[in-house]
Amino acid sequence: MNFLNIFKILSACAVLLPVHLVAAEPAKFDAHHFVSLTFHDVRDDVLKNGDRDVYAINTQNLVQFFEWLKRSEWTPITLKQIMASREHGVPLPKNAVLISFDDGALSGYSHVYPLVKQYQIPVVFALVTSWTEGNTQAAYEAYGQNNLMSWKQLQDIQKSGLVEFASHSHDLHKGLLANMQKNEKPAALTRQYDPIQKRYETESEYSQRIYTDLVKSKQVLQQKLGIDPLAIIWPYGAVNQQVTKIANQAGFPLSFSLGTEKLNDSNDATFQRGIISNNPTAENLREQLTGFMEYAQLQDYEPIRAVQFDLAQFSQDNTQFNQQLGSLLNNLSALKTNTLIVNAFTDQKNAAYAQSYFPTTHLKLAQDILSRTQWQTRTRVFHRVYTQMPIAPDPEQAHLVIDLSKDLIRNNPNLDGIILKTDQQLACRYSSVVNTACLEKEAQIVELTQQLKVAVAPYLNQSNTFQLILQLSLTDLADQGLKQIVNTYLPFVSLLNIEIDSLDNINSYQKFIQQVGHLTASQKARLMVTLVNHNPSSPKQLQRLQQHYLNLQRHGIQKLVLSNYRFDNAKAVHEQLFTPLSLNDSPMSYRNPFIQQHVNGEQP
């Protein structure tokens, strides 16, 4: 499967609004808010379900959507209106929506442009200028031979005044080599790997490559269409604060990602767009529009079923590593979890965390495998990937975790989250005795979380939802201790990860169960509980853990993690913990990967 197909599937799964979850009432806008939808190809023969192009929409569905839009309370707007709102405070119309069509497919001229004229609905065409220039094979892979608009057709459209044009980059609509294992990732966010020199692109090389591409795209649009384009619409939604600043320097004041987490404000540095896929009907599209705010609120309530996996289990041999990774992903796919948690560093007993699994100037590289593990897990089995790291990898350099996190996200901008382990550093805070030193340690850690969020923000893919998670190891719990923990830390992080040794410290587990009932539903939704698994393949321990997980679910905890998931206990976990850890809701799709499994696993 090539890069374009992988990213099509990934983007559709990650960004499409689940229609059955959204309410029908319009979201509340103020005078500077808007939402945005993006389409791609339009064809008469798009299948109702399972079309070859997941992004294509049937012509009739688009016509019906335009019909509804014209009669509705929604108002299509232009890029110029967004600029006027940002620069001069000019109010946007009620329920403003920006509609765009990406890539410059021929249907923009044959299908969309006639509808734009008929309904007088303004739209934006985002053009990959190297595609339109005919200088790349990527356009053929995406749309086939002679299926893009020509410059002459685009010039005809430009004269009408009904369509604005944006850059979709010059030649960033592709994947670049992202690691030694030959994964390709979006060009705009990837530090390209050079297999000959065996090194990654430097920061200056990366910035210059992006800047040169955007300047070229702007020049082509100016020369061919006589316009000064206002916006860069990033391919695959691959954008972060760093490249947004580069785009501003290249002359693009407006920047668009993908996503549905919030309403856009005209003062935002980067705007989100809901991507249209799976040939939605007009009713589906209406529900997408009205669901932006509701979907963002529902994300907290999504269940998590996760296992924690130590990357040290992988072989140093690249061939064996690939086989083992394939086996791991096959097991996770069968277990039907949705999240993988991996460690970012080697764990050396009684010593500092001296080696990393990603490139950094601060530590020796143990093995460059985190990038491939994250990407394969995300694109092959559609799991979130969190990395786990101690909040003070080196006790002598408490702030080293910030610098390490920056390097981690630079190389893995699509990472879903970082779990900061506090181990016993905050144990005093939720026990019966709290002293001044304890409060000072708490303040230091809270401040560190805020500094870390600021430090990694420039490098995060803004089309993804990144979560900063604080892990507390629960050994004792005073009366009302859980409520105090939640009230103290939740304002500063996305989730709280409570680690409990329910096998050896049943008292702490029981106290947690007793106190969790006093939390609100929204507070419970932001708790993730890890149960410690000491003897990974002991049937008795796994059976006890099963009861503990089921009890957590009965008390409203829907984010569950198993520690110490290993190749040598995966079969026992599948057999003993499938019920509480699996999100599989049908016996028809149950699969046991340990029956007639290949000895060396499967290639990822």
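Among (1) crowded, with 19+ Cβ neighbours inside 10 Å; (2) part of a loop (DSSP other than H, G, I, E, B), which single condition is I246 missing?
That leaves (2) as the condition not met.
Could you go through the stretch 134-155 and let me know if any residue there is under 24 Å from N264 (Cα atoms) and touching a residue at least 12 places away in the same chain (Cβ under 8 Å).
Looking for residues that are under 24 Å from N264 (Cα atoms) and touching a residue at least 12 places away in the same chain (Cβ under 8 Å), one finds none in the stretch 134-155, hence no.
Does I232 qualify as being in a strand (DSSP E or B) and either surrounded by 17 or more Cβ atoms within 10 Å (Cβ to Cβ) or touching a Leu at 6+ places or on another chain (Cβ under 7 Å) (or both)?
yes
Under the condition of being under 30 Å from N318 (Cβ atoms) and exposed (fewer than 12 other Cβ atoms within 10 Å of the Cβ), which residue from the stretch 558-597 is modelled with the highest pLDDT?
D568
Say we look at the stretch 159-193 and pick out the residues that are surrounded by fewer than 20 Cβ atoms within 10 Å (Cβ to Cβ) and polar (S, T, N, Q); which of these is farthest from E205 (Cα to Cα)?
Per the criteria, the residue is S160.
Within the stretch 177-195, can one find any residue that is at pLDDT 95 or above, over 30 Å from L325 (Cβ atoms) and of a type in the set (D, E, K, R)?
Within the stretch 177-195 (the criterion being at pLDDT 95 or above, over 30 Å from L325 (Cβ atoms) and of a type in the set (D, E, K, R)), the answer is no, since none of the residues qualifies.
Tell me the residue from T422, T475 that is outside the structural domain of R273 (by the TED database), among the β-branched types (V, I, T), surrounded by fewer than 20 Cβ atoms within 10 Å (Cβ to Cβ) and over 20 Å from V307 (Cβ atoms), please.
Only one candidate passes the filter, namely T475.
What is the number of the single condition among (1) modelled with pLDDT of 95 or more; (2) crowded, with 17+ Cβ neighbours inside 10 Å that Q223 does not meet?
(2)
Do you know which residues across the stretch 441-482 are charged (D, E, K, R) and at pLDDT 95 or above?
Result: K453, single match.
Only one of I485, I498 is crowded, with 18+ Cβ neighbours inside 10 Å, of a type outside the set (F, W, Y), under 24 Å from T520 (Cβ atoms) and modelled with pLDDT of 95 or more. Can you tell me which?
The unique qualifying residue is I498.
The values are calculated or read from the model by the stated rules, or taken from the named source; none is laboratory data. Quick caveat: nothing in here was measured; it's all calculated off a predicted structure. Note that we place each Cβ from the backbone using ideal geometry, even for glycine, and neighbour counts take in every protein chain shown.
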